[in-house]
1. So, counting K/R as plus one and D/E as minus one, what does the shell of residues with Cβ under 14 Å around Ser270 add up to?
2. Can you send over the solvent-accessible area of Glu79, 1.4 Å probe, protein chains only, in Å² to the nearest 10?
3. Given a 1.4 angstrom probe, what's the average accessible area per residue across the stretch 41-141, in square angstrom?
4. When the expected Rg is taken as 2.2 N^0.38 Å, what fraction or multiple of it is the alpha-carbon Rg of the stretch 224-337?
5. For Phe61, project a label point 7 Å along Cα to C-beta. Then give me every residue of the stretch 106-133 with its amide nitrogen under 16 Å of that point.
6. If I compute solvent accessible area with a 1.4 Å probe over the protein chains, what percent of it on the stretch 114-165 is carbon and sulfur?
7. Roughly how many nanometres apart are two label points built 7 Å out from the Cα toward the Cβ at Arg71 and Arg297?
8. Can you tell me the Rg and the Dmax, both Å, for the Cα atoms in the stretch 43-194?
Amino acid sequence: MKARRVAIAIAILCASAGLAVAQTPGPPKKIAKTYVPPKTVWGDPNIAGVYTNNDESLIPFERPAQFEGRRLEDITEAELEKLRDDRSEQRIEADRNRAEFRSPIHWFENMFPNNSRAWLVTDPPDGHVPPLTEEARQRAAARARAQAGRGPADSAADRSLYDRCITRGIPGSMMPAIYGNAYEILQGPGYVAIQYEMVHETRIIALDGKPHPGENVKIYMGDAKGHWEGSTLIVETTNFTDKTSYRGSSEHLKLTERFKPVAPNLVEWSSTFEDPHTWTKPWTFAMNLSKKDDSQRPFEYACNEGNYGMVGILNAARAEEKAGVRVDSPRDAEGER
């Protein structure tokens, strides 16, 4: 609890300096064992609303070494509370540095994350993403060879689609970041739509039972088909391009998401990856989406209009060239966790 008190004090100081208005952490969310959501007027489970996963910020993707040999369900509430405090202390230090550089206030919007778990990967039980296949390793090596002799910013095309304000892809668009973690789920007869705040894409999920298009049709966000199993929305997405790879995935990826309402204001979102061209077996991660009121709907993300980062990256690369400095490091990953 000491870390929480320190965090609150720092937040108050930041707020008084006009840097941010922070929210104090509440008690851990209690998930109901059985919850049945209301129905829409056409009879589907109603999960529509505005959500955020700010509280899942700072959770390690895979199982930390300190929990070697243990499963997620083995972690006690006391241990989880200690993890929350430790992570808050790390975030406080980062925010202190941001405050010194007068960072924009929206960079402070996910302070005091009330984490729901110790790590994100739920399957395999060891909490680790399975090994890459030989094909995936060769694919990665080929990409590295193609980049050889080029800097990470010889042109805008050397940067990721995220840097270029095109897409964060799936599931990247719903992974918690430093800001922009609002999502709106909308429902209509035969369809579910999800609007993502960061990069401001809208994904349409058909519930009509029609098959995916042929394999020659490739889409940045993939082709999503959904259906209901009880109160859980199951979304199967295929037809990805190789330009929106997630953790090395190929265009053959099948991503199966489950949006399971577990309390009136809480949906557990899980994603299962099946790609024998990339991993030796399927794997899954999960996190919580917390429902908010309409005042926290996704804000317009005018990415291209404000993309000074790209200008800065390219200008810095040109300055390095003039100075005779050559940077041959690989280009940045697309915000993978």
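1. Values: positive: Arg117, Arg258, Lys260; negative: Glu56, Asp123, Glu229, Glu236, Glu257, Glu268, Glu274.
Computed value for this residue: -4.
2. 60
3. Working: 4940 Å² over 101 residues.
On a per-residue basis, 49 Å².
4. Working: Rg = 19.8 Å, N = 114, 2.2 N^0.38 = 13.3 Å.
Against the empirical 2.2 N^0.38 Å value, I get 1.49 for the stretch 224-337.
5. 119-124, 127-133
6. Working: 1340 of 2400 Å².
Percent of accessible area from carbon and sulfur atoms in the stretch 114-165: 56.
7. 4.3
8. In Å, with Rg to one decimal and Dmax whole: 19.5, 58.
The values are calculated or read from the model by the stated rules, or taken from the named source; none is laboratory data. Because the structure is a prediction, the values reported are computed rather than measured. Note that each Cβ is placed from the backbone with ideal geometry, even for glycine, and that neighbours are counted across all protein chains shown. The area values use the complete protein model at the heavy-atom level, side chains included, leaving out ligands, DNA and RNA. Shrake-Rupley method; radii C 1.70, N 1.55, O 1.52, S 1.80 Å.
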